[in-house]
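The values are calculated or read from the model by the stated rules, or taken from the named source; none is laboratory data. Just so we're clear, the structure is a prediction, and the values are computed from it rather than from any experiment. Here the Cβ is made from the backbone with ideal geometry for all residues, glycine too, and neighbour counts use every protein chain on show. Just the protein is used for accessible areas: all its heavy atoms, side chains included, with ligands, DNA and RNA removed. Shrake-Rupley method; radii C 1.70, N 1.55, O 1.52, S 1.80 Å.
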Amino acid sequence: MTVHPVRPEFVPDPALSQTEMEELQRDIAAAARFEDEMDVLPEAITRTGDAPDVDQTTLSTSADDRTEPPFIAGVDQAFVDDKAVSAIVVLQNGEVIERVSAVERTEIPYIPGLLSFREGGAILAAFAELETDPDVVLVDGSGRIHFREAGLATHIGVTLDVPAVGVAKNLLCGTPEQSLDERYPEGTRIPITADDSVETCPDGTVIGHALQTRQYDSPNRHINPLIVSPGHRVSASTAADIVEATADGYKLPEPTRLADSYADEAKATVE
DNA sequence: GCGACAG
DNA sequence: ATCTTGTCGC
């Protein structure tokens with residue numbers, strides 16, 4: 001079956017002018033849904049070895065009461081010269097169900113705010129190889145935390161019309177409600193609100209969270225929080241719930257970690 | 001002009 | 001993102 005664009009008009013075209021790219025992003029943001037519209041609830045996400053302590057049939061929002069835990073996909077890229085390698089790893093109940101990768105030439109350099117036009121082609125090529133239909137996709141980078149609310153996770157999510165979450169290591173824009181330089185305990189969530197740099201929504205709108213998925217025991221050194229934002233069909237708080245539920249002892253959620261290493265592995269195959 | 005910016 | 005050994009501090 002494989003995963004293909006449902007909105008072909010949103011497929012990122014690196015040949016567009018910067019102004020056209022920004023226009024497209026505004027259209028994508030208008031089509032994006034930053035509220036919960038998934039088929040499964042985050043409570044249904046299980047880790048490896050987790051006992052199915054909850055009745056899966058109560059964890060679905062769809063009529064066709066599913067009995068299976070959700071499919072969570074992680075997407076990440078690696079680069080070799082002018083080639084982008086995109087890797088997707090799908091997990092269910094903490095176990096790898098499928099892995100695919102694709103290689104595409106990068107046509108433009110990295111430009112803050114226009115990342116999807118550099119990496120999007122490779123990502124969509126990888127999805128075209130994917131047999132599994134993921135319930136939600138974790139994309140490396142921003143979703144709604146973006147100048148036009150159309151980061152990479154939003155672009156991919158809306159184009160494929162799949163629930164998507166943005167998982168970034170650094171903040172692109174927006175204002176954290178508390179300093180991100182302090183040491184916070186695991187589980188801490190700090191809202192990121194829109195400011196003047198987010199030109200498409202009112203100041204103060206919560207567009208994502210800093211999420212402390214891991215922390216050292218000693219007060220001396222600390223780990224920086226992840227930056228999590230909704231991509232498509234998820235709310236900001238549910239996006240954080242999903243990342244928290246898929247994190248398993250490391251800073252990055254498992255689908256993202258595994259996609260990261262698989263991308264590196266696939267990179268060795270590229271010349 | 002300066003700042004500031006995912007991967 | 002990528003180039004890369006040791007090393008600081010659990």
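Annotations for the structure displayed:
- Boolean, A:Ser86 is farther than 22 Å from A:Arg26 by Cα, buried (at least 24 other Cβ atoms within 10 Å of the Cβ) and modelled with pLDDT of 95 or more: yes
- Note on the range A:160-179: residues that are open to solvent by 30 Å² or more (accessible area, probe 1.4 Å) and aliphatic (A, V, I, L, M) amount to 2.
- Considering residues of the range A:219-269 that are hydrophobic (A, V, I, L, M, F, W, C), open to solvent by 10 Å² or more (accessible area, probe 1.4 Å) and more than 16 Å from DNA strand B (Cβ to nearest atom) only, the residue modelled with the lowest pLDDT: A:Ala268
- In the set A:Pro230, A:Pro225, A:Pro185, A:Pro219, only one residue is closer than 20 Å to A:Gly166 by Cβ and within 16 Å of DNA strand C (Cβ to nearest atom); that residue is A:Pro225.
- A:Ser101, sole failed condition from (1) open to solvent by less than 10 Å² (accessible area, probe 1.4 Å); (2) in contact with a helix residue (DSSP H, G or I) (Cβ under 8 Å, 6 or more places away or on another chain): (1)
- Candidate set from the range A:116-157 (those that are open to solvent by 10 Å² or more (accessible area, probe 1.4 Å), among the small types (Gly, Ala, Ser) and within 16 Å of DNA strand C (Cβ to nearest atom)); member that is farthest from the chain's Cα centre (by Cα): A:Gly121
- Within the range A:192-216, tally of residues that are open to solvent by 40 Å² or more (accessible area, probe 1.4 Å), of a type outside the set (A, V, I, L, M) and more than 16 Å from DNA strand C (Cβ to nearest atom): 7
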